[in-house]
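What follows is one structure encoded as structure tokens, with my remarks underneath.
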Amino acid sequence: MRLNKIDFEFIHFKSIDSTNNYAKTLCNQNLINKVIIADTQTAGRTTKKQCWISPKGNLYFSIILPLKCEKNLPEFSFISALSIVESIKEISTPQNIIKIKWPNDILLNKQKLCGILIEKENDKVIIGIGINIISSPDVSLTRYPTTNLKKNNIKTTPSKLAELVLEKLVNNINLRNNNGFKAIISKIIPYMYKFNDTIYLEINNQKLSGIFCGLDETGALLLKTDDETKVIFSGEMTKENFI
Ligand code: BTN
């Protein structure tokens, strides 16, 4: 079934605990195609169960979509990252470098701009997105340097950016449904941070390095080491990648 942006209803809150939490309650009422957006969150969540600091002026929103097959859940994380990068590129100037740090962190000029939290509830997927528009948390509070759009002379508002990201997301999901996930992988590769370069990964407390030489058809990272090409399904690029 083809998605259409006009079928999505925006639900706006001045303040909420977490847009993903509210999305969960809507999923349990069997609702889909909803966008929950909040000016601030009092208990925004990250993938590592930490607090996503959510002051006014930045974008916090969650999108509810039907999930046809659980196997496709990780695909939504790549599709979301691609849609955000395309949106920022559209409103940015060419001197700003916008990249995806595998698997789904968005870097603007090598600093973290955004967070994506994908969750499943019943037969639905919740895509939670936080984008720093006018402020970003102090480096002492985060694992990586962070940035925001204003600092890089990119002007927008939370509602305009949410509309743009939704538009790209709908287009990319339709592309995936028509042409397969491979079409998304092809679009993502040019945006990958350190592609064809040496990278350092941490996988279950083990360090590994090699050349980031590709993504397979599921989005797994292909790492060329001295003796083989390893397929990496999960892991994190470490701080060494920013030096
Ligand atoms: C991460 O970087 O670990 C993901 C952070 C995701 C934050 C967003 S803000 C909107 C939505 N609601 C939440 O509670 N979290 C996500």
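Highest mean packing comes first when the peptides 2-14, 209-221 are listed by Cβ atoms within 10 Å, giving 209-221, 2-14. When restricted to Cα atoms, the chain yields an Rg and a Dmax of 17.4, 55 Å, respectively. FRET efficiency for the pair ILE211 and LYS150, taken as 1/(1 + (r/R0)^6) with r the Cβ-Cβ distance and R0 = 35 Å, rounds to 0.50.
Normalised by the number of residues in the chain, what is the relative contact order in percent for Cα pairs under 8 Å and 6+ residues apart? Walk me through the intermediate numbers first.
Working: 470 pairs, mean separation 40.0, N = 243.
Averaging sequence separation for qualifying contacts and normalising by length gives 16 percent for the chain.
A prolate overall shape is assigned to region 198-242, the ratio a/c of its alpha-carbon gyration tensor axes (a ≥ b ≥ c) being 1.5 or greater and a/b exceeding b/c.
The label point for GLU202 and the one for LYS68, both projected 7 Å from the Cα toward the Cβ, are 3.8 nm apart.
By average Cβ neighbour count within 10 Å, what is the ranking of 108-120, 142-154 from highest down? Spell out each step's value before the answer.
Details: 108-120: 20.2, 142-154: 16.9.
In descending order of packing, they fall as 108-120, 142-154.
Please give the charge dipole size of the chain, origin at the Cα centre, charges +1 on K and R Cβ atoms and -1 on D and E Cβ atoms. Round to the nearest 20 debye.
Computed charge dipole of the chain: roughly 500 debye.
Just name one of TRP102, ILE134, ASN33: the one whose Cα is farthest towards the positive end of the charge dipole of the chain (beta-carbon charges, Lys/Arg +1, Asp/Glu -1). Selected residue: ILE134.
Computed from the coordinates by the stated procedures, all read-outs in this text should not be read as laboratory data. The shown structure was predicted, so the numbers you read here are calculated from the model rather than taken from an experiment. Cβ coordinates were reconstructed from backbone atoms using ideal geometry, including for glycine residues, and neighbour counts include every protein chain displayed.
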